[in-house]
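First up is the structure itself, then whatever we jot down about it.
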Amino acid sequence: MLDMVNEMLSMPFVVRALIVGVLVALCAALLGVSLVLKRYSMIGDGLSHVGFGTLAIALAFNVAPLQVSIPLVLLAAFLLLRLSENSKIKGDAAIALISSSALAVGVIIVAKAKGMPADLFNYMFGSILAMKTGDLYLSVAVSAVVLTLYVLFYNKIYAVTFDEKFAKATGTKTGLYNMLIALLTALVIVVGMRMMGAMLISSLIIFPALTSMRVFKSFKGVVICSAGLSAVCFIIGLVVSYAWDTPAGASIVVVNLAAFLVFFAVGFVNKALRHLCC
Amino acid sequence: MGSIISVQNVSVKYDSGFAVKDVSFDVCEGDYFCIVGENGSGKSTLMNTVLGLIRPSGGRVAYNGLKQNQIGFIPQQTAVQKDFPTSVREVILSGCTNRRGVLPFHANKDRQRVRDNIKRLDIEPLARKSYCDLSGGQQQRVLLARALCSADKILLLDEPAGGLDPVMANELYGLLGELNNSGAAIVMISHDMASAVKYAGKILHMQTSPLFYGKKKDYLASPVYKKIVGGAADA
């Protein structure tokens, strides 16, 4: 086991993937708590599909993927948030339309441009080989920004997540903080997408929060547990993928699923014990 | 007593027509003001407009010497809050967030304020519990403590007794009465005509536009009230 870990760490691309992945997993989990509790999980999913479309465009025009993806996905985050806030036009359905459309356009572009199914597969389901040194710097920078802003605005984010109406009525600029959450989510998705895959990245956002909520009953507890759990699941997933030669992104999602089932069982037992005691 | 919120000819129009039409009233320091009316009569829309959550399509809402972050508010509970993982302390502390302005963290005096209000509302045994494990009446007390952390000059409440049993509702009204006696203005939307008439000093009876606005004494003698009481007696 130790030998294998040493062997993994001797390969630069694995180390890069590990650093980028742990940082992205951490940030995604933090933002995920608010997204899940605010019933905005669909935004994460929608953004990753739009992200796939933008990667395809970048491939077709042969430009650096992040230069195309970051502005377009940020724009999409802005629009999707507006859609889900406006309940009149059925926000969730509108997001589903946008995300499948972006996906369809992306698939067509990839098929027509180079006709390389391998690229398509990598974009959809991720590849740890995709992480270059430039990506490493970028993801460290993005994660630093996300973590700093999250800590600085933690109390405001809590207020907006628990009771937006109260927060707004008592003078907190809720629109601003909703937008902050959506834009940070967009950044995290773009950075994590090529490693995890456009289809799988949203699991990094949704799983840790849902898992932690089985056991922890305070917001701070859920936030801290999500972040830690997400990083741990990423590392285990990467090791599993190396040991059994399975796709990295998918392995990480499966590890997250396993963690969810364990926490679910613990939560169930906790509840049963409390009923017995009272 | 000076007016702290002044509502002048406010209307709110949706696609389907007016939700609130031409409403004017004043809330003064120390008022106990009840807004009554049937479902869909524009009560909540009116309160949301007063709070600045909805922009009025006509008229204006003026705060006289009152800042947005000096308002205490208890909204109707949302579905999101039912299974929200949060401790009672976190909920109450979030009432202090607005007074920090751009500053990121809570100060010691905020935490002291939380302790004071927990004591004031007699909810010390709940402080360490999870919010979603509490009963409806306990949750309402916690939200009241949060509102008091954000402001104790004026409290706006949207159907605070909705979903409470009569005992818990009376307890809540008692608490609000005490707060009012100690100087807080109370603006409350209520379904419960009996208690509104019992506690309020001023009453606004809404049916998109005001059917009655004035002192309780005059309301009790008004045809609007007599019709409702008469209707209840017939039923």
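The values are calculated or read from the model by the stated rules, or taken from the named source; none is laboratory data. Note that the structure is predicted; figures quoted are calculated from it, not measured. Neighbour counts are summed over all protein chains in view; Cβ atoms, including those assigned to glycine, are modelled from backbone coordinates with ideal geometry. The protein model used for the area step is the full one, side chains on, heavy atoms only, and it has no ligands, DNA or RNA in it. Shrake-Rupley method; radii C 1.70, N 1.55, O 1.52, S 1.80 Å.
Provide the FRET efficiency to the nearest 0.05 for the residue B:222-residue B:18 pair, computing r from the beta carbons and using R0 = 30 Å.
0.85
Looking at the protein assembly as shown, what % of the alpha carbon pairs are farther apart than 31 Å? Intermediate results must be reported in sequence, preceding the final value.
Numbers: 69530 of 131328 pairs.
When every Cα pair of the protein assembly as shown is considered, 53 percent fall beyond 31 Å.
Note on chain B: dipole from Cβ charges, positive end direction compared against B:163, B:221, B:49; the farthest Cα belongs to B:49.
Overall, the protein assembly as shown carries a charge dipole of about 820 debye about its Cα centre when +1 sits on the Cβ of Lys and Arg and -1 on the Cβ of Asp and Glu, all other atoms neutral. When chain B is treated as a Gaussian network with alpha carbon springs shorter than 10 Å, the biggest mean-square fluctuation among B:74, B:203, B:123 belongs to B:123.
Legend: residue pairs A:271/B:82; B:109/B:129; B:119/B:216; B:21/B:67, Cα-Cα distance threshold 28 Å; pairs beyond threshold, B:119/B:216.
Assuming R0 = 35 Å, what is the FRET efficiency of residue A:268 and residue B:78, from their Cβ-Cβ distance, to the nearest 0.05? Rounded to the nearest 0.05, the efficiency is 0.85.
Roughly how many percent of the accessible protein surface of the protein assembly as shown is carbon and sulfur, given a 1.4 Å probe and a whole-percent answer? Don't skip to the answer; put the middle values down first.
Details: 14610 of 23050 Å².
Accessible surface attributable to carbon and sulfur in the protein assembly as shown totals 63 percent.
In terms of its C-alpha gyration tensor, the range A:2-277 comes out oblate, because a/c is 1.5 or above while a/b does not outweigh b/c. The mean sequence distance of close C-alpha pairs (under 8 Å, at least 6 residues apart), as a share of the length of the range B:44-129, puts its relative contact order at 26 percent.
Take each residue in B:93-106, count the other chain C-beta atoms within 10 Å of its C-beta, and the mean is 5.
Quick one: ranking A:45, A:245 by accessible area, 1.4 Å probe, largest first, what do you get?
Working: A:45 50, A:245 135 Å².
The ordering from most to least exposed comes out as A:245, A:45.
Only Cα pairs under 8 Å and 6+ residues apart enter the sum, and on that basis the relative contact order of chain A stands at 31 percent. Accessible surface for residue B:191 stands near 100 Å², nearest 10, in the context of the full protein assembly shown (1.4 Å probe).
Summarising the overall dimensions of the range B:80-152 from its C-alpha atoms, the Rg and Dmax are 11.7, 34 angstrom.
Using unit Cβ charges (K, R positive; D, E negative) and no other charged atoms, how large, in debye to the nearest 20, is the dipole of the range B:80-152 about its Cα centre?
220 debye
Label-to-label distance for residue B:103 and residue B:127 is 2.1 nm, based on points extended 7 Å past Cα in the beta-carbon direction. Magnitude of the charge dipole for the range A:2-277, about its Cα centre and with charges confined to Cβ atoms of Lys, Arg (+1) and Asp, Glu (-1), is about 900 debye. Modelled label positions at residue A:220 and residue B:135, each set 7 Å beyond Cα in the direction of Cβ, lie 2.9 nm from each other. Full extension of the segment from residue A:78 to residue A:113, taken as 0.36 nm per residue of separation minus the current Cα-Cα distance, would add 9.7 nm.
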